[in-house]
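See structure below.
Laboratory data are not the source of any read-out in this text; all were calculated from the coordinates shown. All values reported here derive from a predicted model rather than from experimental measurement. Don't worry about glycine lacking a Cβ; one is built from the backbone with ideal geometry, like all the others, and counts go over all protein chains shown.
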Amino acid sequence: MKTFSTIFIMSIAISAFSSTNPGKDNNKDKPDNFKYLTEQFADARILRYQVPGFENLSLKQKTLIYFLSQAALCGRDITYDQNYKSNLLIRATLEAIYQNFNGNRSDKEFKKFMVYLKRVWFSNGIHHHYSTDKFFPEFSQEYFVTLIKQTPLEVLPIYDLQNKEQFFEELSTLIFSPDVAPKRVNLDPASDLVQSSASNFYDGPTQQEAEEFYAKMKDDAKKNKQSTLVSFGLNSKLVKEDGKVVEKTYKIGGLYSQAIEQIVSWLEKALTVTETPEQIDAVKKLIAYYRSGSLEAWDEFNIAWVKDQNSLVDFVNGFIEVYGDPLAMKGTWESVVNFKDVEATKRTEILSRNAQYFEDNSPVSPEFKKKKVKGVSAKVITVTQLGGDCDPTTPIGINLPNANWIRKEYGSKSVTMDNITYAYDRAAKGNGFLEEFAFSKEEIERADKYGHLAGNLTTDLHECLGHGSGQLKRGVGSDALKNYHSTIEESRADLFALYYIKDQVMIEFELIPSDEVAQAEYDSYIRNGLMTQLVRILPGKTIEQAHMRDRALICHWVYEKSKDKNVIEKVERDGKTYFRINDYDALRDQFGELLKIIQRITSEGDYNAARELVENYAVQVDPALHKEALERYAKLNIAPYAGFINPEYTLEMNGEAINDVIITYPDDFATQMLLYSKKYSFLPVR
Ligand code: ZN
């Protein structure tokens, strides 16, 4: 996965060169009146994205998108519940207050209440979506009591009206107490990662018990000659019952059944309008998996899904990314529905076709390279619906499946979400960020000219080649790096992209017009990793999130290792700090050097080396630089995180038959969130 690392690039997509360039869809570069930015609260901005080309799809394709989008929305509550066991209860309470509070709705305090509710929607729960720290309301606990007392009791999620005081107390504690569930994902190795994390993947077991449980499961599988390749623990909660550790599987008839039944019913409808035999097979296998909860069935689905290369419409749907689990085993539910941007995909097809070239020529040790890179398919997509963990905040690139053995034997699908990055760029136009932090006028011009292309191409390289490159040594498990896995894996993919964007071959393939594109990417990457990403961190905190750690690791490492040659220079000017790159070629060599090291660590599952790199380069923050970055950033008044309002799709019926699917672009975040809660709440709130 790639999150929006270049969030601060202010460039808009200027048609920098001729229309024969396959990497550009020039229609989109025309100015438009679409409102990309709708509002800003706390540290979040709400954006909208367009779905260019939707109207030109066939009725069948539009209908398929409609059904898959409904399936994407039906899993929303699962994500809330996985993030924290009381999230649904809290959300239901806040929404009931918002819709029914009888008191003054126009005073300052109520506005603070609205900000808190929006933040809960934005993060799918009470923990910051990025830092995973619990966030707190700006209003007081006393005001919360006022809110709740001036809301009719019958609309609140109280089961036992005799005990309403107890309910008030419970909710106050959940929302205000800094001691209750302070962190969603705790990666501090000094603590029991499982017990100290608030995410809802474990209930009862200690970290050691959880690790032993899965070690034994793998052992047993080996003894019984069953496959040890499945992603153990991916779709279940581990609980302790009567002193025994057991798994509760997410499936029909199991945990989250009510929501999964709804997802499946829409997938069954989707089966009637699939585009290819491969797609029918994939959807059928996904349904079978949701029914059985079997991890073999999950792998079978993924293999079928990778084989479906020709459908224009595609989707992600399932328990997938493991960032929410401190042990990196359990998948948070997510969905993305999309269709291929045929024109822009020509860019990624060039990369895919030459995957073996990139693998063979990388600076990695030969023993850790794939002898034969299989089926790295990459495409540029137009997103039509975000769901679960991808909504409202979304990655900008995805490479799936995650199972290494499937990637090795069947390949993977890699996507770049072009209409999303486009919305980011448009919304950021002219907000002053680049001008504040870039060292020189040349840097700013380069970013304006090439920033969008450089960012997209880096994402393509990261997703379609980076994650798929390299191989593990025999006997090394994909979970060997444990809590450092995500950071190391993202660094590996980033380094692959950084190394190759400056390869001569990129110009030969006509993917970029000049070396300046790579320079623009290096400028922004170094600026971000050494300084500007610090604006996302609260004073006194360290770096936690895997992608931020990945960028900090890379930038601090190359900065330190090339200090004697002054490759990257820290410059003070008018009391402000800048980072200037003096030698782009030498910097590329450094990226290659680190890629080699990180691939070795990954291939050998060298936990100690991973820990050393991450703890030394990726976690700590220079307090003075942090303070300065925050102060300079505060003056710009830009919220650092962005989330999206989805388009809405409605069926135009002709009797029993679907006549058309109409797309509209709502522009109010709260309205959409309330609509989703009303239509797609299938799980009990406690
Ligand atoms: Zn990634």
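Side notes on the structure shown:
- Percent RCO, i.e. relative contact order, over the chain, from Cα pairs under 8 Å lying at least 6 residues apart: 21 percent
- Ascending count of other beta-carbon atoms within 10 Å, so fewest first, for 485, 452: 485, 452
- Net charge dipole size for segment 255-330 [Lys, Arg +1 and Asp, Glu -1 on Cβ; Debye, nearest 20]: 180 debye
- Cα pair distances in segment 236-389, grouped into 5 Å bins until the bin that holds the longest one, percent each: 2, 8, 13, 17, 17, 15, 12, 8, 5, 2, 1, 0
- Distance cut-off 14 Å, percentage of C-alpha pairs in segment 291-371 lying past it: 77 percent
- Selection among 315, 144, 514 by position relative to the dipole of the chain gives 315 as farthest towards the positive end (Cβ unit charges, Cα centre).
- Segment 465-543: trypsin sites (Lys or Arg not before Pro) in DSSP coil with no more than 10 other Cβ atoms inside 10 Å: 474
- Whichever aspartates and glutamates have a C-alpha closer than 12 Å to that of residue 284, once near sequence neighbours (fewer than 8 apart) are set aside: 268, 300
- Listed values for segment 230-240 are Karplus-derived 3J(HN,Hα) couplings in whole Hz (6.51 cos²θ - 1.76 cosθ + 1.60, θ = phi - 60°), namely 4, 7, 3, x, 4, 10, 8, 9, 9, 10, 10, and x replaces Gly and Pro.
- Relative contact order, percent, segment 366-450 [alpha-carbon distance under 8 Å, six or more residues apart]: 32 percent
- If only the Cβ of Lys and Arg carry +1 and only the Cβ of Asp and Glu carry -1, the dipole of the chain around its Cα centre is close to 520 debye.
- Couplings 3J(HN,Hα) of segment 260-268, computed from phi: 5, 4, 5, 4, 5, 5, 6, 5, 5 Hz, in residue order, whole Hz [Karplus 6.51 cos²θ - 1.76 cosθ + 1.60, θ = phi - 60°; x for Gly and Pro].
- Qualifying trypsin sites (Lys or Arg not before Pro) for segment 353-393 [loop in DSSP, other Cβ within 10 Å: at most 12]: 371, 372
- Close amide H partners of residue 379, meaning residues 5 or more places away or on another chain with modelled amide H under 5 Å apart, are 414, 415, 416.
- Panel note: the C-alpha atoms of the chain, placed on their principal axes, show extents of 73, 63, 59 Å (largest first).
- When the C-alpha to C-alpha distance is required to be over 23 Å, the pairs from 251/679; 222/370; 449/541; 134/216; 118/340 that qualify are 222/370; 449/541; 134/216; 118/340.
- Top positive-direction residue, dipole computed over segment 41-133 with Cβ charges, set 56, 94, 78: 56
- Rounded to whole numbers, the Karplus 3J(HN,Hα) couplings from phi for segment 193-199 are 4, 6, 5, 8, 9, 7, 4 Hz, using 6.51 cos²θ - 1.76 cosθ + 1.60 with θ = phi - 60°, and x at Gly and Pro.
- Here is the list for segment 603-673: trypsin sites (Lys or Arg not before Pro) lying in DSSP coil, each with at most 10 other C-beta atoms within 10 angstrom of its C-beta, are 635.
- Going by neighbour counts of Cβ atoms within 10 Å, the residues 645, 175, 381 line up, fewest first, as 175, 645, 381.
- Net +/- balance of residues flanking residue 75 in space, Cβ distance below 14 Å, scoring K and R +1, D and E -1: -4
- Farthest toward the positive end of the dipole of segment 439-597, out of 453, 496, 540, is the Cα of 540, where the dipole comes from beta carbon charges about the Cα centre.
- Sites excluded, chymotrypsin sites (Phe, Trp or Tyr not before Pro) in DSSP loops with at most 13 other C-beta within 10 Å, longest stretch of the chain: 160-686
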